1. Confirm whether Leu52 is more than 21 Å from Gln5 (Cβ to Cβ) and part of a loop (DSSP other than H, G, I, E, B).
2. How many residues, within segment 191-209, are within 22 Å of the chain's Cα centre (by Cα) and either farther than 24 Å from Trp78 by Cβ or surrounded by fewer than 12 Cβ atoms within 10 Å (Cβ to Cβ) (or both)?
3. Could you tell me which numbered condition Glu38 fails, if it satisfies all but one of (1) part of a loop (DSSP other than H, G, I, E, B); (2) outside the structural domain of Ala149 (by TED's automatic domain parsing); (3) closer than 25 Å to Leu207 by Cβ?
4. Which ones in segment 123-153 are free of Cβ contacts under 8 Å to residues at least 24 places away in the same chain, farther than 14 Å from Gly210 by Cα and exposed (fewer than 15 other Cβ atoms within 10 Å of the Cβ)?
5. For segment 83-112, give me each residue that is basic (Lys, Arg), within 16 Å of the chain's Cα centre (by Cα) and over 22 Å from Leu168 (Cα atoms).
6. Of everything in segment 94-122 that's surrounded by fewer than 14 Cβ atoms within 10 Å (Cβ to Cβ) and charged (D, E, K, R), which residue is nearest to Ser28 (Cα to Cα)?
7. Sort out which residues of segment 98-132 are part of a helix (DSSP H, G or I) and not β-branched (Val, Ile, Thr), and write them in order of number.
Amino acid sequence: MNHQQEWLNSCVDEQVIELNVTTLEGMSPCEHLLYSDELPRRNDGRLSNHILQRYQHTELGGWWCSGIDVMSGEDDLWGCFKPKQPRLSYDRGKPIKYEHPPQTPTGIFALRVPLHLWATIAQQHGIHFTPEMIDNTQVDGGFWQWVIAHPSIPLCITEGAKKAGALLSAGYVAIALPGINNGYRTPKDEQGKRIGKSYLIPQLKKLTSGQREIYLTFDQDSKPNTIKAVNNAIRKLGYLLS
């Protein structure tokens with residue numbers, strides 16, 4: 001299945017797919033993933049062999065998704081890659097479905113939004129969409145800066161880029177986290193012991209200011225452990241958002 005059909009099957013608008021999802025293969029996936037200065041390198045600056053071997057499976061191809069950096073309004077360097085042939089995790093031996101750039105803070109998926117969906121979202125919130133609202137100096141036309149400037153528009157926070165795409169396609173303003181616990185940071189020492197209070201990641205803090213209504217739209221699940229984990233994440237994130 002090609003990436004476009006996979007996203008269409010998740011009820012994502014075709015233009016949303018075209019604006020945010022790209023097929024990659026060969027060395028291109030590694031170029032998108034392995035950009036952190038914290039990754040181990042040889043004396044000549046080349047990535048160490050064990051890192052290159054770990055991500056060798058990505059050469060077979062897959063799709064990459066990234067959106068907008070809401071802090072700058074520019075294209076986001078961070079994103080995720082879904083390989084055609086995933087590697088297995090070291091600890092549990094399960095396929096790693098999505099790869100994110102290692103040794104770099106996780107971000108959010110604030111996807112680029114086509115004009116027809118922007119107009120739909122504006123209309124649903126009593127705002128008349130006009131061409132003057134488009135900021136051609138912004139790579140996304142200024143959609144996310146417009147959202148930030150209108151705290152009366154509710155925001156959905158979900159998990160996974162495709163779910164954000166589906167919500168946007170249905171006319172909801174939505175961003176996605178790569179995981180249910182990635183909306184906040186908890187300071188820890190080298191031994192993993194907590195040394196400070198948890199706090200929202202900067203992107204969420206910027207998007208959720210101004211008394212904006214927030215909806216946490218994580219998946220439902222029948223597994224008790226997953227239900228507990230999701231409820232804990234909702235409780236923690238909800239507290240930090242309040």
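1. Working: more than 21 Å from Gln5 (Cβ to Cβ): yes; part of a loop (DSSP other than H, G, I, E, B): no.
So Leu52 does not fit the description; no.
2. Initial filter on segment 191-209 (within 22 Å of the chain's Cα centre (by Cα)): 198-209.
Keeping just the survivors that are either farther than 24 Å from Trp78 by Cβ or surrounded by fewer than 12 Cβ atoms within 10 Å (Cβ to Cβ) (or both) gives 209.
Looking only at that region, the number is 1.
3. (3)
4. Listed by number, the residues that qualify are Gln123, Gly126, His128, Thr130, Pro131, Glu132, Asp135, Asn136, Thr137.
5. Initially, segment 83-112 is screened for residues basic (Lys, Arg), giving 84, 87, 92, 94, 97, 112.
Within this subset, residues satisfying the condition of being within 16 Å of the chain's Cα centre (by Cα) are 97, 112.
Passing the criteria: only Lys97.
6. From segment 94-122, those surrounded by fewer than 14 Cβ atoms within 10 Å (Cβ to Cβ) are 94-95, 97, 103, 105, 116; that's our starting set.
Within this subset, residues satisfying the condition of being charged (D, E, K, R) are 94, 97.
Working: Lys94: 24, Lys97: 18 Å.
Among those that are surrounded by fewer than 14 Cβ atoms within 10 Å (Cβ to Cβ) and charged (D, E, K, R), it is Lys97.
7. Looking only at segment 98-132, we keep the residues that are part of a helix (DSSP H, G or I), and these are 115-124, 131-132.
Leu115, His116, Leu117, Trp118, Ala119, Ala122, Gln123, Gln124, Pro131, Glu132, listed by residue number.
Every residue, every condition in (1) free of Cβ contacts under 8 Å to residues at least 60 places away in the same chain; (2) touching a helix residue (DSSP H, G or I) at 6+ places or on another chain (Cβ under 6 Å); (3) under 23 Å from Lys162 (Cβ atoms); (4) not charged (D, E, K, R), yes or no:
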residue	(1), (2), (3), (4)
Thr22	yes, no, yes, yes
Met27	yes, no, no, yes
His32	no, no, yes, yes
Arg41	yes, no, no, no
Leu52	yes, no, no, yes
Gly61	yes, no, yes, yes
Pro86	yes, no, yes, yes
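The values are calculated or read from the model by the stated rules, or taken from the named source; none is laboratory data. Keep in mind that what you see is a predicted model, and the values were worked out from it rather than measured. Ideal geometry is used to build each Cβ from the backbone, glycine not excepted, and the neighbour counts take in all protein chains shown.
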